[in-house]
Amino acid sequence: MTNPLPYASSLAGKVAIVTGAGSGIGKAAAIELGRQGAKVGVLSRKADDVQATVDEIAQAGGEAMPLVADVTMQQQLEASVATVKQAWGRLDGLVVNAGANGQFAPVDDLTLEEWNRTLDTNLTSTFLTTRAAVPLMKQSGGSIVVISSVNGSRIFAYSGAAAYSTSKAAQVAFTKMVALELAKDKIRVNCVCPGAIDTAINGKTLRRNTDSIRWPVEFPKGHHMYDGEPGSADQVGELIAFLLSDASDHVSGTTVYIDAAESLL
Amino acid sequence: MSESTTVSRPPRAFEGKVALVTGAGSGIGKATALELARQGAKVAVLSKNPDRVRATVDAVEALGTEALPIVADVTSQADLEGAVAAIEQAWGKLDSVVINAGANGVWAPIDDITLDEWQWTIRTNLTSTFLTTRATVPLLKKNDKGAIVIVASVNGSRIFSNTGATAYSCSKAGQVAFMKMTALELAQFQIRVNAVCPGWIETNIEENTVHRNREGLRLPVEFPQGVHVLEGHPGSPDQVARVMAFLLSDAADHISGTEMWVDGAESLLVG
């Protein structure tokens, strides 16, 4: 990333927590925030991944703290926020990114447990992370960015991903509800909807009997038409940093699609 | 990643870039022209009003960059094509287009507003968006990439309660659809197209609004604590301009086909 910042970064001295910061978009966001001077709480379930992100931020001259926690566990999230409060005394930014594709399967094949797991991992975690962070953020205001998806808002053709898409759609509604609710506390809440991004998320998708339900669609070659390839996590990280900065201080309650217009096709 | 500190980025994102801003004589357009100039862009300053063009040009030049005054009517295809020719002659290229010119027009009951008034509003806001895009795309295509930002509104996308503003809201909704159509069409030319939807912003747009027979037209919803939920007051043109600059910059190079509401969440209350 060598792009000059198109705004005066205001993240120096600010504190942010990024969930799912061990890989992909979360890691890229954590590194970008660190680069712009924020102190970053790096949260993920996996201690090794957390440490790798923390190390990368530190090597670039930034300040980061490891937070090993499961975003479906209220107590672990509250403990993480308490740790940040103790170390840095404030919280200005929150990136609600942790999530997974989960099990893709026909709707009459998907089990209740699989459905619940996807909604817990993507949606209830969004509630719990926000719930845990907001008391500290109310001290001085701040900005929350929720990472949703083009799935559930603009793309519905991934048959079998009903649980995933539903969880992602609900994150958009959650964003708008809490954007209004938290406005009086000077906390902005926005939502980023990435399209295909070059991360490891698809490698972790569980697929069962999805071939039979997928409506056949053939895209012309080069269907990632703008870049010629999927987006990078760094590109999403730059958007997240902008939404956390004061340059976006009148932006709240909006979704931003970051997919090079692919979801329009 | 070879950069090692937060301060190693080149300081100005629009160094060497050329931008056209329509409606640059006041409000959001002027603020955007100045924000881009502050970040190093050469700015073509387009407005119908020669005095306002001159004032913005002076302000751009005071920031140490170049400005090109263009007095033109955005409903005139010939004017816009002349403007693009002037930009090409002066600077040889075009990177960024801000489609901002527009007006509220006449706000009146649907059986009161005349066909001429309707057409004036659609032409001023929506057809001008088409014409500006049409005139600038050939020059944008000559670059390796380009970006367009259209200034739409919360009206027509999230707010439908300004009863009487039907023509205005339809023109603004049309701009959002136009943005998505052209984002897809122009992707193959590496031209990104996005829209901002501002809420209440402190500008003089109301000066030229004609309100006629709207008494009792709007359902009397009351907001005892006001509607400016985030900041307690309307937004500033500069706040919108900063979002415009982000969307036009290379930092947004994977963002195309999206609208962004810039309203401090007001439209989630008002609707």
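The values are calculated or read from the model by the stated rules, or taken from the named source; none is laboratory data. Since this is a predicted model, take the numbers as computed values, not measurements. A quick note on method: Cβ atoms are made from the backbone with ideal geometry, for glycine too, and the neighbour counts reach across all protein chains shown. Each accessible area value is taken on the protein alone, full model and side chains, heavy atoms only, with ligands, DNA and RNA left out. Shrake-Rupley method; radii C 1.70, N 1.55, O 1.52, S 1.80 Å.
Which of the residues that make up the stretch A:112-124 are more than 16 Å from A:Arg208 (Cα to Cα) and exposed (fewer than 14 other Cβ atoms within 10 Å of the Cβ)?
A:Asn116
Does B:Ala265 meet the test of being within 9 Å of chain A (Cβ to nearest Cβ), more than 21 Å from B:Gly29 (Cα to Cα), crowded, with 24+ Cβ neighbours inside 10 Å and at pLDDT 95 or above?
Yes.
Here's the yes/no breakdown for (1) in contact with a Leu (Cβ under 7 Å, 6 or more places away or on another chain); (2) part of a loop (DSSP other than H, G, I, E, B); (3) among the aromatic types (Phe, Trp, Tyr); (4) within 14 Å of chain B (Cβ to nearest Cβ):
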{"site": "A:Ala8", "(1), (2), (3), (4)": "no, yes, no, yes"}
{"site": "A:Ala12", "(1), (2), (3), (4)": "no, yes, no, yes"}
{"site": "A:Lys27", "(1), (2), (3), (4)": "no, no, no, yes"}
{"site": "A:Glu32", "(1), (2), (3), (4)": "no, no, no, yes"}
{"site": "A:Gly37", "(1), (2), (3), (4)": "yes, yes, no, yes"}
{"site": "A:Val54", "(1), (2), (3), (4)": "no, no, no, no"}
{"site": "A:Gly61", "(1), (2), (3), (4)": "no, yes, no, yes"}
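Might you check whether a residue that is buried (at least 23 other Cβ atoms within 10 Å of the Cβ) and part of a helix (DSSP H, G or I) occurs anywhere in the stretch A:92-111?
no
Could you check A:Val42 against (1) in contact with a Ser or Thr (Cβ under 7 Å, 6 or more places away or on another chain); (2) in a strand (DSSP E or B); (3) open to solvent by 30 Å² or more (accessible area, probe 1.4 Å) and say which number it fails?
(3)
Among the listed residues B:Val154, B:Val176, B:Val149, identify the single one that is over 17 Å from B:Asp95 (Cα atoms) and surrounded by 22 or more Cβ atoms within 10 Å (Cβ to Cβ).
So the residue among B:Val154, B:Val176, B:Val149 that is over 17 Å from B:Asp95 (Cα atoms) and surrounded by 22 or more Cβ atoms within 10 Å (Cβ to Cβ) is B:Val154.
So which pairs qualify, if the first residue must be in the stretch A:13-30 and closer than 22 Å to A:Ala82 by Cβ, the second must be among the acidic types (Asp, Glu), the Cβ gap must be under 6 Å, and the two must be at least 6 apart or on different chains?
Within 6 Å, the pairs are A:Lys14/A:Asp92; A:Val15/A:Asp92; A:Gly22/A:Asp49.
Only one of B:Leu131, B:Leu126, B:Leu140 is under 18 Å from B:Gly23 (Cα atoms), touching a Gly at 6+ places or on another chain (Cβ under 8 Å) and buried (at least 20 other Cβ atoms within 10 Å of the Cβ); which?
One residue alone meets the criteria, B:Leu126.
For the stretch B:193-216, what are the residues that are open to solvent by less than 50 Å² (accessible area, probe 1.4 Å) and either among the aliphatic types (A, V, I, L, M) or closer than 21 Å to B:Gly174 by Cα (or both)?
B:Val193, B:Asn194, B:Ala195, B:Val196, B:Cys197, B:Pro198, B:Gly199, B:Ile201, B:Thr209
If you take the residues of the stretch B:214-243 that are within 21 Å of B:Gly156 (Cβ to Cβ) and in contact (Cβ under 8 Å) with a residue 60 or more places away in the chain, which of them is nearest to the other protein chains (Cβ to nearest Cβ)?
B:Val240
Counting only residues that are within 18 Å of the chain's Cα centre (by Cα) and small (Gly, Ala, Ser), which one in the stretch A:65-96 is farthest from A:Ser149 (Cα to Cα)?
Going through the qualifying residues, I end up with A:Ser80.
Take residues that are touching a residue at least 24 places away in the same chain (Cβ under 8 Å), open to solvent by 10 Å² or more (accessible area, probe 1.4 Å) and within 14 Å of chain A (Cβ to nearest Cβ) and tell me which of the helices (runs of 4 or more DSSP H) falling wholly in the stretch B:1-116 contain 3 or more.
Passing ranges, in order: B:27-38.
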